[in-house]
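The next block holds one structure in the form of C-alpha cells; read it before the comments.
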C-alpha cells in the first residue's frame, strides 16, 4: 500500500486544499479521512468495481481501494449499461461500490469469481471494447507511482492552480494524468460528472476558475469554437488521446495564448503516459508528442524487427516501469503485446532526426488499397488544413471493386460536391474517397475521441 501512503502524505501536506463537484466541496484532509474510513469496509474483499455517478465519490472509492490494498476497477455509466455489464460479467469482482442516494455503498457481487493474478494489480482499467471484447489492463502500484512522478516532474503547475476534470476516472489518462497527478502537485480539483459537450466548456471554465484543463484534440478544438476570445486564465492545457495535426495544434495555441500546451502520448497498457512535448517546442512542432518520460524508452521497428531509420514510419514499442502487468485472465492476448519487456503499442510512428516522436495512427486502421498503405490520419490532416472542415474521419470499406475509402465529415459545405472538390485538391488520386457523408457532428466516445466506422477498421 505504498501508493496510498505516499498519496496520503501529499494530501495531509495541504489539508485545506479542496476537491469540488458542483456545490459539494471536500478538503484534502476530509478526502484522506473518507478514503481510510471506506478502506475499513473493503478489507474483506480482494477486488472492487467502482460504479458511481459522481466522479468525486468515485475518487473517494479509488483512494479507499488503494488504502485497503484492494484492486480497484473504475467503470463509467457514460459508456452505457451494456458495457458495464460486460465488464462485470467478465471480471466477477468481489464487490461493487456505488453511490446510490449520494452515499457510498459496498455491495457484494452476487456471482463473485475474481481470480487473483500472479502479481497484484492496484487497478484494472478496461478498454472501451468498441471493436471487440473489453480487455482488463492490470497496472501495479509501482507503475502508477512511476507515471505520476514522471508527469509531476515536467508539469509546471502548483497549489494555486485549479484543474477541471470533465471525463470519467474510468480512463487511465484521467485517473493518472489528471486526478492522481493533481493530488501529487496539490491542485484544487473540480469534477464535472454531467454529460459533456464542447459547448459547455466556456461555462465550466468560468464557474470552476480552472487554470488547467485536459482533453482530446477533437474535444478541445471544438470547445475553442464556443469561447469568447482567447482564454487568458488557463495556464496549462494537456492534449492527448488522438493524433493531432499541426493546424489543430496552432488553433489551440491561439485559443489559449497564456497556457503552456503539453501535447502528450500514451495508452492504457503503458500506464498510461509515455511521452510529452515540452511547451517551448509546441509552436514549431505542434503535431509531435515529444520525448519519452524519465522512466520510459521507445523504439520504432520495421516489420523485420530491425530499428527504423530517423524519419521512417514503423511499429512503436515502449518499455518502462509503468508498463502493464498484463491483461486480466487473458495470457495469450498478453503474450501478443508484451515481448522481452517491450510493449507493442499497435501504433505507427516515427522518430525524427532530433529524437522527437510523431504518431501516425493505429496500424490496424491502415487501409491497404490496391497495394498502397494509407493511414487515415494522413488524409484527415490534409483535409483539416481547410478552415471549412471541423471534424473528419477516414476509413476503408470493402466493395465489389475492392477496398475503397470513405469519409465522414462535419464542416461548412453546401454539398458533397464541394467536399469532393476539396478532396481532389488536397488528396492524392489513389486516396480519393468513394463514399462521403456530410454530418452536423461526428460521433464520439466517452473520452471525446472520434469514433471510426466499426466495420471499416483495419482493411
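Values quoted throughout were computed directly from the atomic coordinates according to the rules given, and no laboratory measurement underlies them. Here the structure is a predicted model, which means the values were calculated and not measured. Counting neighbours? That spans all protein chains shown, and the Cβs are built from the backbone with ideal geometry, glycine included.
Once the C-beta distance of residue 159 and residue 386 is scaled by a Förster radius of 56 Å, the resulting FRET efficiency is 0.85 to the nearest 0.05.
Here the residues 197, 263, ranked from fewest to most Cβ neighbours within 10 Å of their Cβ, fall in the order 197, 263. When both the stretch 374-393 and the stretch 224-274 are represented by their alpha-carbon centers, they are found 18 Å apart. Taking the centroid of alpha carbons for each part, the stretch 45-123 and the stretch 291-320 are 35 Å apart. Relative contact order of the stretch 304-459, taken over Cα pairs closer than 8 Å and 6 or more residues apart, is 18 percent. Computed from label points 7 Å out along Cα-Cβ, the spacing between residue 86 and residue 344 is 2.3 nm.
Among beta bridges identified by DSSP and lying wholly in the stretch 366-438, the antiparallel ones come to about 75 percent.
Of 83, 171, the sequence from fewest to most neighbouring Cβ atoms within 10 angstrom is 83, 171. Averaging sequence separations of C-alpha pairs under 8 Å and six or more residues apart, then dividing by the length of the stretch 366-438, give the relative contact order as a whole percent. Over the stretch 366-438, the number comes to 29 percent.
Using a simple spin-label model with pseudo-atoms 7 Å out from Cα toward Cβ, residue 37 and residue 429 lie 7.3 nm apart. Between residue 9 and residue 417, full extension at 0.36 nm per residue minus the direct alpha carbon distance yields a gain of 140.8 nm.
Beta bridges per DSSP, both residues in the chain: antiparallel share near 65 percent. When 99, 365 are arranged by Cβ crowding within 10 Å, least crowded first, meaning fewest neighbours, the order is 99, 365. Taking all Cα pairs closer than 8 Å and separated by 6 or more residues, the relative contact order of the stretch 2-357 comes to 13 percent.
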